[in-house]
Amino acid sequence: MLFRSLQEQGLNWSYDGKGLWDWGGGPVNLTVNIGGPVRFALLYWAGRERPCTLDASGTNCPFTQPYKDQVVNFNGNPLTGTVIGTETQPVSAGGPIFNIGYYADVTGIVSAAGTGSKSFTFADGDSLSNLWRFDGVGLIVAYTDGTVLDTYRILVQDGLDFAYGDDPTPGENRVTTPVTFNHGINFSDRAADLLLFAGDGDANRPDNTTISNNPTLFNILNSLQGPEYNTILTPIDIPDGVGTTTVQMNSAPAGQNPDSMLWQVAGLRVQQLDVEGATCPAR
């Protein structure tokens, strides 16, 4: 779902992520470069629980909050994350799997640190309540750069969408739902940056990401931020007269043990080139 939409002169962002699949709970650093007043700062983390206990329908694993790894510590501040999505895999070799994603608004904490290159610690908040697999954590910081005269728009959509193309349960467990950014129409071609946060990726397994009006991206889930976690920024093109861009991360091709994925964030930063600003597309 659309979580943040902001447009202003000099708007920029910075991000970092850490894979925590083999994490022991101790502090890790998230480092971002803050070039001006902070407009928002969003923290995301996700993981998996196996086995979980299925309900009477045999399709969902109920849970109570605070759930495992929902309580964390960010830069010395205890946080209880907001659940932004769950998905159950009823069948796996080790029993049912419960996938869950969390978020916290950390704007105040990040803003108080000032500008420049800043590191923030992320640590376990309850060592007795841990997921079977903690995929990783990512931080997005949007700020205003007063030296930039151009106007930019940032849109952030978030949630938790699991996919494994070879999952024993057909349907939702095998695919993600496409995300559509309604960025408005300009009357010139423009470049944009697409940001994706996804857990559970492996460099040795295939995946692809489709982007409307752009080439498909292949095998981008390579765990560059650490085991089983990816924060990926890629440039894309938006043609003139186009008001929306649709993105879908895919666990494919099926039958070739494709990447499983926990997709949490899709963000877009795009310059608004026309003096009159972006125009919403006709419905």
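The values are calculated or read from the model by the stated rules, or taken from the named source; none is laboratory data. Remember, predicted model here, so these are calculated numbers, not experimental data. Note that we place each Cβ from the backbone using ideal geometry, even for glycine, and neighbour counts take in every protein chain shown. All accessible areas refer to the heavy atoms of the entire protein, side chains included, with ligands and DNA or RNA removed. Shrake-Rupley method; radii C 1.70, N 1.55, O 1.52, S 1.80 Å.
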Original post:
Convex hull volume of the Cα atoms in the range 158-283, per residue, in Å³?
Top reply: 104
Original post:
Which far-off residues, 5 or more places away or on another chain, put their amide H under 5 Å from the one on Ala163, with H placed in the peptide plane?
Top reply: Met261, Trp263
Subject >> Label point distance in nm, Ser92-Asn182, each placed 7 Å from Cα along Cα→Cβ >> reply: 3.6
Original post:
Rounded to the nearest 500, what is the chain's calculated 222 nm mean residue ellipticity when only DSSP H runs of at least 4 contribute -39500 (n - 2.57) each, over all residues?
Top reply: -500 deg cm²/dmol
**OP:** Take the alpha carbon gyration tensor of the range 95-212, find the square roots of its eigenvalues, order them as a ≥ b ≥ c, and report rounded if a/c is under 1.5; if not, report prolate when a/b exceeds b/c, else oblate.
**Re:** oblate
**OP:** May I ask you to derive the FRET efficiency for Gln271 and Ala112 from their Cβ-Cβ distance with R0 = 30 Å, giving the value to the nearest 0.05?
**Re:** 0.55
Original post:
Given a 1.4 Å probe and the protein chains all in place, what does the accessible area of Trp132 round to, in Å² to the nearest 10?
Top reply: 90
Subject >> Gained length - Asp189 relative to Asn213, 0.36 nm times residue gap less alpha-carbon distance >> reply: 7.5 nm
Subject >> In nm, spacing of pseudo-spin labels at Leu128 and Gln7 (7 Å Cα→C-beta vector) >> reply: 5.1
Original post:
Expressed in nm², what is the orientationally averaged projection area of the convex hull enclosing the Cα positions of the chain?
Top reply: 15.3
Subject >> 13 Å beta-carbon shell around Asp126, net charge (K/R +1, D/E -1) >> reply: -1
**OP:** Work through the residues other than Gly35 whose Cβ is under 12 Å from its Cβ and net out their charges, Lys, Arg +1 and Asp, Glu -1.
**Re:** +1
Original post:
With the other protein chains left in place, how much accessible area per residue, in square angstrom, belongs to the chain at a 1.4 angstrom probe?
Top reply: 42
